[in-house]
């Protein structure tokens, strides 16, 4: 992570009885105040900031390493849960949320979606007990208990609910050993670790929207309906795609008037490749020459792939197009690939020039920069690609790119 970036959030580890990290609580930066007044005014926004930072700006895998993220849920977020994978998130119910009928119903709905639920800052009082049948984890603030000695009794009293008990704000070895003997399953506090900043660079809204489109389009297991849905919700993208499909160069007799029809005629992979291109064109603050450079690379990679048995032309096109994503987003290519969840072969080719696709990209970049000495000519010639062929492919890529931009209206 670039240490010159700003801290977007903080994280504090949650450990099990063997002091192994099993999750992280994610905290807003600056760390929220632990008062009801602060939560009433700023709590919704703080949770929103954490969710955006963790799942969009940085990437949840990078933040938690695949472990669950414990995130504060205000009443608003309880009734309007984010559409995020339930296996990656533990909803941490703030202690101020009352066990009224509406909240209990919202908790039941949250459980149906598969979320685990933790009750935050339990202090031994009777009111929150009505929530116990609907939660999985009780977080006990040991600093707020009237007497730490009452902890074993609390756990024993409610053992019928099958709950996990988390001792939070553990600050000494003695406190850890006492909570362990009392029956706590999970632990959190300064004794183990202070909250640590997680650094990142926030994407502008325009870039974030484009990244979300690319993510859905390029999921390895994306279905036709998934791709059609994301295209149909973006009028500009749909218009430009249909304009391209209906251009004279495509040669269709009848007019194609819908995205599903276009997918049927053109094919999902090709339409996905074009969609990637048009989506990047929505980043209007980027110069046209950058977009042209990416598309030339895409067409050159696609031209070269026909010499390789078993490789896919549309994957090669995406490879060349995405090779400049770091310049489009002003963000490290490693982090962008993590957020897009691209196929492993494509990721390795982009980041390390590994595999056959990686060799194609390395050759394309060398051609672009005029570094002919860096090209593995014996290998290319063994595949039937002579220097004259490569020069012709490069000139054709330039010509095709300019034609394509003309069809798209620039």
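A few remarks follow.
- In the chain, the convex hull through the Cα atoms has an average projected area of 24.6 nm², a quarter of its surface area.
- Panel order for 161, 393, by other beta carbons found within 10 Å of each beta carbon, from fewest to most: 161, 393.
- Cβ-derived FRET efficiency at R0 25 Å, residue 341 paired with residue 224, nearest 0.05: 0.85
- Spin-label model distance (nm) - residue 356 vs residue 181, 7 Å beyond Cα toward Cβ: 6.5 nm
- Between the beta carbons of residue 84 and residue 348, assuming R0 = 30 Å, the FRET efficiency works out to 0.65 to the nearest 0.05.
- Cα-based shape type of the range 6-200, given that a ≥ b ≥ c are square roots of the gyration tensor eigenvalues and the cut on a/c is 1.5: oblate
- Shown is the FRET efficiency for residue 112 and residue 313, computed with R0 = 45 Å from the Cβ-Cβ distance and rounded to the nearest 0.05: 0.55.
- Each label was represented as a point 7 Å from its Cα along the Cα-to-Cβ direction; for residue 192 and residue 381 these points are 6.2 nm apart.
- Distance from the range 45-123 to the range 266-338 (C-alpha centre basis), Å: 36 Å
- The modelled label-to-label distance between residue 147 and residue 171, using points 7 Å beyond Cα along the C-beta direction, is 2.1 nm.
- Kirkwood-based shape ratio for the range 64-172, expressed as Rg/Rh from alpha carbons: 0.96
- Computed over the range 265-410, the P(r) curve from all C-alpha pair distances, binned at 10 Å from the origin, holds 11, 44, 36, 9, 0 percent per bin.
- Taking 0.36 nm per residue of separation and subtracting the Cα-Cα distance, full extension of the segment from residue 156 to residue 372 would add 70.3 nm.
- Considering only the chain, percent of DSSP beta bridges that pair antiparallel, nearest 5: 40 percent
- Calculated [θ] (222 nm, deg cm²/dmol) that DSSP helices of n ≥ 4 give over the chain, each run adding -39,500 (n - 2.57): -15000 deg cm²/dmol
- Order of 385, 231 under a 10 Å beta carbon neighbour criterion, fewest first: 385, 231
The numbers here are math on the coordinates, done by the rules we state, and not lab data. Keep in mind it's a predicted model, so treat the numbers as computed, not measured. Every residue, glycine as well, gets a Cβ built from its backbone with ideal geometry; the counts of neighbours run over all protein chains shown.
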